[in-house]
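Here's the structure we're looking at; comments come further down.
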Amino acid sequence: FSTQVYDTWRKMWLSKGEEHEAGKKEFISIFKQLEETLSDKAYYGSDTFGFLDIGLIPFYSWFYTFETYGNFKMEEECPKLVAWAKRCMQREAVSKSLPDEKKVYDYVVAVTKVLESN
């Protein structure tokens, strides 16, 4: 999953025009599939926080960056997924361990500047 997300993210991040839009569609479809597997449970696989949640919640720190570069809103595209992420973030261990979404974005902006200058 993570390889697929990062590959399509790179397509969306480093492209323009039709290629960017195609990457964005593919990217959103990956998260829609992930949202479908959540079903009506509070967490992945059950009503309790578990290993799948631990493995997937780090992507939440990237949502702001994905939205900004992709020009879309995760909450509009995948509302159940965002609700799940917010539930996870209510857990102190999760909220204290994940990087701030704005710092992730700032990092990506800095990397973009370096790549564009080469």
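Any residue that is in contact with a Pro (Cβ under 7 Å, 6 or more places away or on another chain), of a type in the set (S, T, N, Q) and either open to solvent by less than 60 Å² (accessible area, probe 1.4 Å) or assigned to a loop (DSSP other than H, G, I, E, B) (or both) - is there at least one of those in the stretch 52-72?
Step one: of the stretch 52-72, the residues in contact with a Pro (Cβ under 7 Å, 6 or more places away or on another chain) are 61.
Subsequent filtering for residues that are of a type in the set (S, T, N, Q) retains 61.
Now restrict to residues that are either open to solvent by less than 60 Å² (accessible area, probe 1.4 Å) or assigned to a loop (DSSP other than H, G, I, E, B) (or both): 61.
Within the stretch 52-72 (the criterion being in contact with a Pro (Cβ under 7 Å, 6 or more places away or on another chain), of a type in the set (S, T, N, Q) and either open to solvent by less than 60 Å² (accessible area, probe 1.4 Å) or assigned to a loop (DSSP other than H, G, I, E, B) (or both)), the answer is yes, since at least one residue qualifies.
Restricted to the stretch 100-118, and to residues there that are surrounded by fewer than 12 Cβ atoms within 10 Å (Cβ to Cβ) and among the polar types (S, T, N, Q), the residue that is farthest from Glu67 (Cα to Cα) is Asn118.
Does Glu76 fit the bill of being loosely packed, with under 15 Cβ neighbours inside 10 Å, at pLDDT 95 or above and within 19 Å of Val5 (Cβ to Cβ)? Before you say what the answer is, go through the steps one by one.
Values: loosely packed, with under 15 Cβ neighbours inside 10 Å: yes; at pLDDT 95 or above: yes; within 19 Å of Val5 (Cβ to Cβ): yes.
Against the criterion (loosely packed, with under 15 Cβ neighbours inside 10 Å, at pLDDT 95 or above and within 19 Å of Val5 (Cβ to Cβ)), Glu76 qualifies.
Taking (1) open to solvent by 80 Å² or more (accessible area, probe 1.4 Å); (2) of a type outside the set (Val, Ile, Thr); (3) within 30 Å of Ser15 (Cα to Cα); (4) not in a helix (DSSP H, G or I) in turn, Lys41 satisfies each apart from (3). Looking at the structure I just gave you, is Glu19 closer than 16 Å to Met74 by Cβ, among the charged types (D, E, K, R) and either modelled with pLDDT under 95 or outside any helix (DSSP H, G or I) (or both)? Judged against the criteria, Glu19 is not a match.
The values are calculated or read from the model by the stated rules, or taken from the named source; none is laboratory data. From a predicted model like this one, the values you see are computed outputs, not experimental measurements. Using ideal geometry, Cβ is built from the backbone for each residue, glycine included, and neighbour counts are taken over all protein chains shown. To get the accessible areas, we keep the full protein, side chains included, count just its heavy atoms, and leave off ligands, DNA and RNA. Shrake-Rupley method; radii C 1.70, N 1.55, O 1.52, S 1.80 Å.
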